[in-house]
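Working notes, beginning with the structure itself.
Values in this text are rule-based calculations from the coordinates and carry no lab data. These figures come from a predicted structure and were not determined experimentally. With ideal geometry, Cβ positions are generated from the backbone for all residues, glycine too; neighbour counts draw on all protein chains shown.
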Amino acid sequence: MNYHVVIPAAGQGKRMNAGMNKQFIELEGIPVIIHTLRVFERDVLCQGIVLVINDQEREQFAHMLHRFGIKKVNVLVSGGEERQQSVYNGLKALNDADIVLIHDGARPFVTVKKIHELVQVTAETGAAVLAVPVKDTMKQVIDGHIQKTVDRSSLWAVQTPQAFSMPLILDAHERAKKEQFIGTDDASLVERIGQRVAIVEGEYTNIKLTTPEDLLFAEAILRARGDQ
Ligand SMILES: Nc1ccn([C@@H]2O[C@H](COP(=O)(O)OP(=O)(O)OP(=O)(O)O)[C@@H](O)[C@H]2O)c(=O)n1
Ligand SMILES: C[C@](O)(CO)[C@H](O)COP(=O)(O)O
C-alpha cells in the first residue's frame with residue numbers, strides 16, 4: 001500500500017536551544033532533516049513528501065534539498081504557530097492521498113521496516129501510530145510531591161510516524177480547529193472524535209531530538225548503525 005507523508009519542520013526548537021533550527025544541526029556531516037527525508041526517499045511505498053517549514057527558512061531548506069539530491073519533496077508549505085497548525089497546512093497541500101503519514105522532521109531514526117508495519121495496520125484499521133512501552137516507574141506529581149504511582153502496564157510512549165486514512169485525519173484536524181482544541185500529537189485529534197487508533201510497537205531508537213542531550217544519543221545511534 002502506497003502512502004504520502006507530511007513532515008512538520010517549522011518549529012523553533014526552544015528546548016534544544018541550538019541558536020538555529022534544530023533540524024539544521026549536522027550529524028556525521030548531514031543535517032537532521034536530511035537524515036529524516038532520506039528514510040522516505042529510499043522507501044518505495046512513499047509517493048511524495050510535503051515538507052512544512054518556517055517561511056523565513058525557505059531558501060535554506062531549498063538549498064539543502066538541492067545539495068543532498070532529495071527528489072520526493074513535492075512542495076514546501078508554510079508552517080503555523082503550533083505543530084498542529086503546521087500539520088494541518090501540510091495536509092491541505094495533499095490532493096490525491098489515500099493513506100497519509102505524519103512524521104516529525106526531528107525524528108531521523110525511524111526505519112522503513114517499522115513504516116511498512118504501520119502502513120499495513122493503517123490499511124486495515126484507518127489509524128495507527130508507532131509507540132513503545134514505558135520503561136520507567138511513573139509518578140503523578142503535584143507541587144513537587146508524589147500524589148500516586150501510576151500503573152505503567154497500560155502506558156505507551158507515542159512516536160511518529162502516525163498514519164491515517166486521509167478523510168479521517170482531515171476531518172479530525174478541521175473539527176479540532178473549529179473547536180479550538182490543541183493536542184500534542186495527531187492521534188489525539190482522532191481519539192477525541194471517537195475513532196480508534198491502533199498501536200504498532202516501535203523502536204526505542206526512534207527518538208525525537210528535543211533537548212541537547214538527545215544529540216549524544218543520536219550520535220551513538222548513528223555510530224552503532226555504522227558498525228552493523
Ligand atoms: N509550530 C511548529 C512546531 C513544531 N513543528 C515541528 O514538529 C516537530 C515536533 O515538534 P517539537 O520537537 O516539539 O519541535 P519544536 O516545537 O520546534 O520544539 P520546542 O517545543 O522545543 O520549541 C518538529 O520537527 C518541529 O519542527 C512544526 O512544524 N511547527
Ligand atoms: C508528535 C510527538 O512527537 C509524539 O511523541 C510529540 O507529541 C511532539 O510534541 P512535543 O510535545 O512538543 O514533544
- Ranked list, fewest to most other Cβ atoms within 10 Å of each Cβ, for I193, I115, I33: I193, I115, I33
- Message: As an exercise, use a Förster radius of 41 Å and the Cβ-Cβ distance of K178 and K208 to find the FRET efficiency, rounded to the nearest 0.05.
- Response: 0.90
- What is the distance, in nm, between label points placed 7 Å from the Cα along the Cα-to-Cβ direction at R196 and at I146? 3.5
- Item | the chain, relative contact order in percent, only Cα pairs under 8 angstrom and at least six apart counted | 24
- Query: With the Cα gyration tensor of the range 106-188 giving a ≥ b ≥ c as the square roots of its eigenvalues, does the rule (a/c under 1.5 for rounded; else a/b larger than b/c for prolate; else oblate) give rounded, prolate or oblate?
  - Reply: oblate
- Mean projected area in nm² (Cα convex hull; one quarter of hull surface) for the range 3-225: 13.3
- Query: In a shell of Cβ-Cβ distance under 14 Å around K72, excluding K72 itself, what net charge do Lys and Arg (+1) and Asp and Glu (-1) give?
  - Reply: +1
- Note on the structure: Percent antiparallel among DSSP beta bridges confined to the chain, rounded to 5, stands at 50
- Task: Could you please rank I34, I182, placing first whichever residue has the fewest other Cβ atoms within 10 Å of its Cβ?
- Result: I182, I34
- CD proxy, 222 nm, the chain: helix-only mean residue ellipticity via -39,500 (n - 2.57) per DSSP H run with n ≥ 4, per residue, nearest 500, stands at -10000 deg cm²/dmol
- Query: trypsin sites (Lys or Arg not before Pro) within the range 23-70: which are DSSP loop residues with at most 12 other Cβ atoms inside 10 Å?
  - Reply: R42
- Using the 10 angstrom Cβ neighbour count as an exposure proxy, how do D151, D214, D186 rank, fewest first? D151, D214, D186
- Please work out the FRET efficiency for the pair M1 and R42, using the Cβ-Cβ distance as r and a Förster radius of 22 Å; give the result to the nearest 0.05. 0.80
